[in-house]
Amino acid sequence: MEFSQDDFDRLLMFEHTRKSAEATYAKDPLDADNLTKWGGALIELSQFQSVPDAKNMLTDAISKLEEALVINPAKADTLWYIGNANTSYAFLTPDLAEAKVYFDKASDYFQQAVDEEPSNDLYRKSLEVTAKSCTWRFISMESVNRLWVEGLLLLPMQRVPRRTRRVVI
């Protein structure tokens, strides 16, 4: 997997964030903001990993974020990050029944984030997109398989320069 300079810079930044959060956690394990930052960094870093490693990293992120919710159950950004991690995990899961479980979890967390901050457009949009992603995933698997065979499908783990990143449907 080749990285652009922007990707490499992002990788370094999120790795630094992860290490910093880990050090902060050693000093103050009850800092929900730090745990959220750590989980968010792990989600970002998962994009640079192989599928099995990405899944492990997303599982670690969810663990950190759930720990933050134990400390502050109404923390909307933490709820949103867990929704993000579950959505990412769902897209990396080839078994449709298992993927649906992760999409459903993501929707639940996005809904909780919207409930905490109803005026947050990002949270509302994430909820809408996850519902559509889940539907798209289950309705069009035959189309996806055809596109994959024809080499036309760009998967989430395939890196494309940020300005032109897209999923071909």
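The values are calculated or read from the model by the stated rules, or taken from the named source; none is laboratory data. Computed from a predicted model, the values in this text were never measured in an experiment. Quick reminder, even Gly has a Cβ in these numbers, built from the backbone with ideal geometry, and neighbours come from all protein chains shown. All accessible areas refer to the heavy atoms of the entire protein, side chains included, with ligands and DNA or RNA removed. Shrake-Rupley method; radii C 1.70, N 1.55, O 1.52, S 1.80 Å.
Solvent-accessible surface of the stretch 5-132, averaged per residue with a 1.4 angstrom probe and all protein chains in place: 51 square angstrom. Averaged over residues, the count of other Cβ atoms within 10 Å places the peptides 55-61, 91-97 in the sequence 55-61, 91-97, highest first. If the chain linking ALA131 and ASP6 were pulled fully straight, counting 0.36 nm for each residue of separation and taking away their Cα-Cα distance, it would gain 42.0 nm. Farthest toward the positive end of the dipole of the stretch 5-132, out of ASN120, ALA97, ASN72, is the Cα of ALA97, where the dipole comes from beta carbon charges about the Cα centre.
So how far, in whole Å, is the C-alpha centre of the stretch 57-120 from the one of the stretch 1-52? Comparing the Cα centres of the stretch 57-120 and the stretch 1-52, I get a distance of 17 Å. Coupling constants for the stretch 91-99 follow from the phi torsions by the Karplus curve (6.51 cos²θ - 1.76 cosθ + 1.60, θ = phi - 60°), and in residue order they are 5, 8, 9, x, 6, 4, 5, 5, 4 Hz; glycine and proline get x.
Bridging of LYS55 to aspartates and glutamates at a Cα separation below 15 Å is possible for GLU44, ASP95, GLU98, once same-chain residues fewer than 8 apart are set aside. Note down the net charge around ASP77, summing +1 for each Lys or Arg and -1 for each Asp or Glu among other residues with Cβ under 15 Å from its Cβ. Summing Lys/Arg as +1 and Asp/Glu as -1 gives -4. For the residue pairs LYS27/LYS100; LYS75/LYS100; LYS100/LYS125; LYS27/LYS132; LYS19/LYS132, alpha carbon separations beyond 30 Å are given by LYS27/LYS100; LYS27/LYS132; LYS19/LYS132. Across the accessible surface of the stretch 5-132, with the other protein chains kept in place and a 1.4 Å probe, carbon and sulfur atoms take up 54 percent. Other residues lying with their Cβ under 15 Å from the Cβ of ASP60 contribute a combined charge of -1, Lys and Arg counting +1, Asp and Glu -1. Taking packing as the residue-averaged number of other Cβ atoms within 10 angstrom, the listed peptides 104-111, 67-74 run from highest to lowest as 104-111, 67-74.
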